[in-house]
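Structure first, then comments.
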Amino acid sequence: MFLEQGIKVENNFGKYIIGSLLIIAISFIGQLPLLAAILYQIFVNGRKYQTNNFELMHFFEPNFTLFLILIPSVITLFGIYFIIRYLHGQTLLSVTTARESIDWSRVSFSFALWTLITIASVLVTFYINPENFKVNFNLVPFLVLVLIGTLLIPFQTTVEEYVFRGYLMQGFANLARNRWFPLVMTSVIFGLMHLANPEVEKMGSIILVYYIGTGLFLGIITLMDEGMELALGFHAANNLVSALLVTSDWSAFQTHSIFKDVSEPKVGFDIILPVVVIYPFLLFIFSRKYKWSDWKKKLI
């Protein structure tokens, strides 16, 4: 069983606190290239910089910015491996899945399914409200974006999944010895982690319903499927396809995407729709395809 693979007497919760602090520290080390680039522009080129998300996202050329903010994920992923291996005495596989090896067909299916749904939703929205978009396509920068995004965004999403649906999920299971507590805690922390996103500043804290709901959905499919494969595929598709399709002045990723959303952001049904309609629909598809059963036991 996935959670039980991390439940060991020697894996007390204090180790997970230490491990989490180490992951944060490694992430900060990974941000040194970004810091160096900003300091170079300030002290060598004399540029002014205000420490806020909007300024950061527009300080460099978008592809270069994306590259700099994704690099820490590569370093952090290696750090997670060493923490799991040497602090907890586990293999990376044991924090990934209960199967004998990673089921890449599950990753691919989840990735493809969410990619199709995301593309369809963007095209429908563009068709209904074309005035809210402008075509942002520029071939050469877009191809560079495809290269950077394809290589590095999976690192970013994989790090988040290993931290929340793998490492902390098993950590809270060690503390509580049940399943509902790790599910709730990782979902709430995952949502709160996005507080610094510019979308929250622009639309208000109500958008946390979407972020926490997404964390809950990813936690449910991890527990029901006894592994992170479906969550890994979904998260990678969500961030990569979004970065390639649509950008805006207030989104977390500023990219040379195909479209740019020029509408004024507001809280509406589109924030609640994924949580109350789309995610349950995906749960139904996954449950039928992978023959999930005994929901109460696996989630509680």
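Some values worked out for this structure:
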quantity: Using a Förster distance of 35 Å, the FRET efficiency for SER287-TYR127 (Cβ separation, nearest 0.05); calculated: 0.65
quantity: Nearest-0.05 FRET efficiency for ILE24 and LEU195, computed from C-beta distance (R0 22 Å); calculated: 0.90
quantity: Globularity ratio of the stretch 158-300, using Cα Rg and 2.2 N^0.38 Å; calculated: 1.10
quantity: 9 Å beta-carbon shell around ASP261, net charge (K/R +1, D/E -1); calculated: +1
quantity: Ellipsoid equivalent to the stretch 59-204 - semi-axes via the Cα gyration tensor, in Å; calculated: 32, 19, 18
quantity: Within the chain, longest stretch free of exposed chymotrypsin sites (Phe, Trp or Tyr not before Pro) [DSSP loop, at most 13 other beta carbons within 10 Å]; calculated: 138-300
quantity: With at most 13 other Cβ atoms within 10 Å, longest stretch of the chain clear of loop trypsin sites (Lys or Arg not before Pro) (DSSP); calculated: 49-176
quantity: Viscosity 1.567 mPa s, temperature 4 °C, Stokes-Einstein D of the chain from Kirkwood C-alpha radius, µm²/s; calculated: 64 µm²/s
quantity: Kyte-Doolittle mean at least -0.5 and Cα axial length at least 30 Å: DSSP H helices in the chain; calculated: 62-82, 104-128, 139-161
quantity: Residues whose placed amide H lies under 5 Å from that of PHE259, excluding near-sequence neighbours; calculated: ASN136, VAL246, THR247
quantity: Fully extended contour minus Cα-Cα distance, from SER101 to GLU264, at 0.36 nm per residue; calculated: 54.1 nm
quantity: Kirkwood-type radius of the stretch 122-210, with distances r between different C-alpha atoms, in Å; calculated: 16.4 Å
quantity: Net +/- balance of residues flanking LEU299 in space, Cβ distance below 13 Å, scoring K and R +1, D and E -1; calculated: +1
quantity: Net +/- balance of residues flanking PHE142 in space, Cβ distance below 15 Å, scoring K and R +1, D and E -1; calculated: +1
quantity: Tensor-based shape of the stretch 94-148 (alpha-carbon gyration tensor, a/c under 1.5 rounded, otherwise prolate or oblate); calculated: oblate
quantity: Loop-exposed GluC sites (Glu not before Pro) per DSSP, neighbour cap 11 Cβ within 10 angstrom, longest uninterrupted part of the chain; calculated: 101-300
quantity: Inter-part distance where the stretch 58-117 and the stretch 176-245 are each reduced to a Cα centre, Å; calculated: 14 Å
quantity: Global size of the stretch 1-53 as Cα Rg and Dmax, reported in angstrom; calculated: 19.2, 56
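Bear in mind that the values in this text are calculations on the coordinates, not laboratory data. Note that the coordinates shown come from a computational prediction; the quantities given were computed from them, not determined experimentally. Cβ atoms come from the backbone with ideal geometry, glycine included; neighbour counts cover every protein chain shown.
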